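Novice: Starting off with a structure, shown below.
Only the coordinates and a few stated rules stand behind these numbers; no lab work does. Model, not experiment: these values are computed from the prediction. For neighbour counting, all protein chains shown are included, and Cβ atoms are generated from backbone atoms with ideal geometry for every residue, glycine included.
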Amino acid sequence: MRNHYHLAAILTGTAVVSAIVITMPSAARALPGSQVNDIAREVTVLIRGDQSHGSGVIIQKTGNTYYVLTAEHVVRQKDDFKIVTADKQAYSIDYSKIKRFNGVDLAIVKFTSEKNYPLAKIGTAKPSEGQDVFVSGWPSNGAIGNAAGGELIRQFTSGSISGFLPRPLNGYSMIYTNVTRAGMSGCPVLDTAGRLVGVHGLGDKEDARQLAQSGLTQEAAMGLAAKIKPGFNYAIPISVFLQKAGSVGIDTDSLQIEKSPAPEAGAAYVASSKPDPRDKIDNIQATLKSVRDVRETVDETRRTVDSIRGLFGR
C-alpha cells in the first residue's frame, strides 16, 4: 500500500510539473538583424495622402479586410489616404471608418485585399532599459531626397531602449536611440525576435530659444529647430494598445501574441551601402494611381457582366 501511495505521489508531482512547463511561455529565439529586417519589410506599410505621409504596421486580418495600427496624428487631417504594402500595391482607406483611440495617439485604419499579407507578431513582455529594438518606416523626402531622384526608401534602424517617461504623453513613454525621420510616425518598433513592442510617433527637436541665443532670428531659429533631432525618439508601448483595443472593436484573441521576454540580440544589423530594391518606391504618384486604375478595371468588368446578363434576360 505504501508503495502504491508513493507512486501516486510521484505521478501527481510529475503532472503538476508538466502543467507548469506547458503554461510557461517558451523562450523567443534571437534573430539576426537582417532577418528582423525581412520581417519588418513585410508588415510595414506606407500611409499616404495628398497632404499627409506616415507609416503603419499590419496586425490583423478578418476575411479580406486588413487592420493597420498607426499613430493617430498621421491620419488626423481628412485626406484621400492610401496604404502601400510591401509589394508596392496601393489600397484606398475609407476615412469615415478610421478607428481612433481615446486619450492616446493611436488609430486603426483598414484596407481590403484578396492578397495574403503577413501579420506582425506582438511581444507583450515588459520592455526594459538597454533592450535592443529596431524601427521600420517610410520617411518622406526632404530637399536632399528630392534632389537625389525623389524615390521613397524604407528605413530600418537599430538602437536600444534608453529609458521611460515617468508621465506618459498621449501614450508615449518608451524612449530609444534609433534614428528616425519625418514620415516614419506610426511605424513599428520591433524587438530582437521581430515582434511588435511599440508604435513610433515622436522625436525630440532642438530648443529654438537656445538657437536664437547664437544670433539667429526667431523665425530662422524655429525653422532650424524643427529640422534638428537631438537623437531620442518616443513610442507608445504595445501594452497601451492592447489595453484599449476592445474600445475600437479589435479582438485581441485573434492577434498573434507572444508573452516570452525579448531574447539577447542576435547578429548585429549592418545596413547595405545601396538600398534593397524591395525597399524603394521609384514613382509614388504612379503607385498611388494604380488604385484608380484597378477601380476602373473592376467597374468595366462589372458593366460587361451586367450587359451579358441583360442579353439573357437575367
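Novice: Using 1/(1 + (r/R0)^6) with R0 = 41 angstrom and r between the beta carbons of Asp79 and Ala268, what's the FRET efficiency to the nearest 0.05?
Specialist: Values: r = 38 Å, r/R0 = 0.94.
The value I calculate is 0.60.
Novice: Okay, moving on. Considering the dipole of region 33-287 built from charges on the beta carbon (Lys and Arg +1, Asp and Glu -1) around the Cα centre, which of Tyr91, Ile284, Ala193 is farthest to its positive end?
Specialist: Tyr91
Novice: Let me ask something additional. Going down the list Lys126/Lys259; Lys99/Lys244; Lys61/Lys280; Lys88/Lys115, which pairs span over 18 Å between their C-alpha atoms?
Specialist: Values: Lys126/Lys259 9 Å; Lys99/Lys244 12 Å; Lys61/Lys280 25 Å; Lys88/Lys115 12 Å.
Violating the 18 Å Cα-Cα cut-off are Lys61/Lys280.
Novice: Now a separate question. Using the Cα centre of region 33-287 as the reference point, and only Cβ charges (+1 on K/R, -1 on D/E), how large is the resulting charge dipole? Debye, rounded to the nearest 20.
Specialist: Details: 27 positive and 25 negative charges, 64 e Å.
Here the size comes out at about 300 debye.
Novice: Sequence-distant or interchain residues sharing an amide H contact under 5 Å with Ser185, placed H: which?
Specialist: Ser55
Novice: Same structure, new question: Run the numbers for Thr62 and Asp50: contour at 0.36 nm per residue of separation, minus the present Cα-Cα distance, in nm.
Specialist: Numbers: separation 12, 0.36 × 12 = 4.32 nm, distance 2.81 nm.
Difference between extended and current length: 1.5 nm.
Novice: Would you mind counting up the charge near Asp276? Only other residues with Cβ under 9 Å from its Cβ, with Lys and Arg at +1 and Asp and Glu at -1.
Specialist: So the environment of Asp276 carries a net charge of +4.
Novice: Work out how much length Lys115 to Asp94 would gain on full extension: take 0.36 nm times their residue separation and subtract the Cα-Cα distance, in nm to one decimal. List each step's numbers first, then the result.
Specialist: Values: separation 21, 0.36 × 21 = 7.56 nm, distance 1.88 nm.
Additional length available on full extension: 5.7 nm.
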